[in-house]
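Below you'll find the structure, written out as C-alpha cells, and then a few comments.
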C-alpha cells in the first residue's frame, strides 16, 4: 500500500483503521442526515406558523408571565 512494514500485526492494524474509518464515516453520515431531518422539521413548523424562539414577540397568550418577569410581592 504505502510501503510500510507493519510487521506480523499488519492485518490487525489495517482492519482497525478500516473499522475506524467506517465508524467515523457512519457518524458523519448520521449527523448529516439528522441535520437535514431537523431542517425539514423546522421548515414544516415555520410553515404552520410556529416560529423560532428568537423571533418571539413577547406576547403571552396563556396568561402565564415569562420566566424573567418580576412578580409582585406576596400578600
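The values are calculated or read from the model by the stated rules, or taken from the named source; none is laboratory data. It should be emphasised that the depicted structure is a prediction, and the values quoted were computed from it without experimental measurement. FYI the Cβ positions are ideal-geometry reconstructions off the backbone, even for glycines, and counts take in every protein chain you see.
Data for the structure
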{"read-out": "Residue among 61, 46 that is exposed (fewer than 10 other Cβ atoms within 10 Å of the Cβ) and either assigned to a loop (DSSP other than H, G, I, E, B) or modelled with pLDDT of 65 or more (or both)", "value": "61"}
{"read-out": "Residue in segment 7-25 that is within 17 Å of the chain's Cα centre (by Cα) and surrounded by 10 or more Cβ atoms within 10 Å (Cβ to Cβ) present", "value": "yes"}
